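Since every read-out is calculated from the coordinates, none of them should be taken as a lab result. In this text the structure is predicted, and so the values were computed from the model without any measurement. Cβ placement follows ideal geometry from the backbone for every residue including glycine, while neighbour counts extend to all protein chains displayed.
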């Protein structure tokens, strides 16, 4: 079974101002992050504005990604819809595009299912596809979290292989890491906690800031794996100013503006999300310059 590891950027979806997919922009983002040492790419997540894309756009994002990556790194794709039915539909669409290594499935949002309903939700999705599945929790955005009991119960499903944990509760993450069965992967989804999660035994991170600073984020993991924890912590601290700016605009505006400052045109976000306010734009410009000056 596929074993996720390393730093995987949760990629933005380049869009025109009217919301059309910029296919060349997607290829440019893929080349930028892969060329800077990431260990995989993840499309159709919250950074990729999956919630606002048409079914045709979702399919084309996956098709372009698989074709352009061409086996250079593993490709992860989101199947994060509100209902079980729609998650299954997206999962089947992704599976039909050969070349995807794993699915990531966020907990439902808007509705607030019970833990028992979450178990049935994920069991049904897992039964609908042969692809490996990462559970994904991000209660700050969905209002829904997993209990440890639920994670461990779902970890017994053959093709549920891991957890992307964006809850920001390191104590809860450590509980999962301590209790998880052999082969169950945990990827940190809170960019400020990558180093800390690695210290507790996490296998890597799915990181939105790796759109803008892929080499820096990948180097946190690489330094840790190489045994240089001092350097890994230094690099983690160097990432903090960028992560702190991400919430200064509607998500994922800062990621697309940051990419533009790096010379990559990722277009616009879906309305009503719009531009970063000028004072923060200047701060972002300086943060990007500072990151680009780091000797990596």
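The stretch between residue 282 and residue 158 holds 39.8 nm of extra length on full extension. This uses 0.36 nm per residue minus the Cα-Cα distance.
Taking every Cα-Cα distance in the chain and sorting them into 5 Å bins from zero, the calculated P(r) comes out as 1, 6, 13, 17, 20, 18, 14, 8, 3, 0 percent.
Panel values: region 1-42, Kirkwood radius from alpha carbon pairs, Stokes-Einstein at 37 °C and 0.692 mPa s, translational diffusion coefficient 287 µm²/s.
With R₀ fixed at 30 Å, the C-beta to C-beta distance from residue 1 to residue 54 puts the FRET efficiency at about 0.40. Spacing of the modelled spin labels on residue 196 and residue 244, each 7 Å from Cα toward Cβ, amounts to 1.5 nm. Restricting the calculation to alpha carbons of region 23-126 gives Rg and Dmax of 14.2, 43 angstrom. Helix content alone sets the calculated 222 nm mean residue ellipticity of the chain: runs of n ≥ 4 DSSP H residues at -39500 (n - 2.57) each, divided across all residues, give -14000 deg cm²/dmol. Inter-label distance, residue 271 to residue 20: 1.6 nm, where each label sits 7 Å from its Cα along the C-beta direction.
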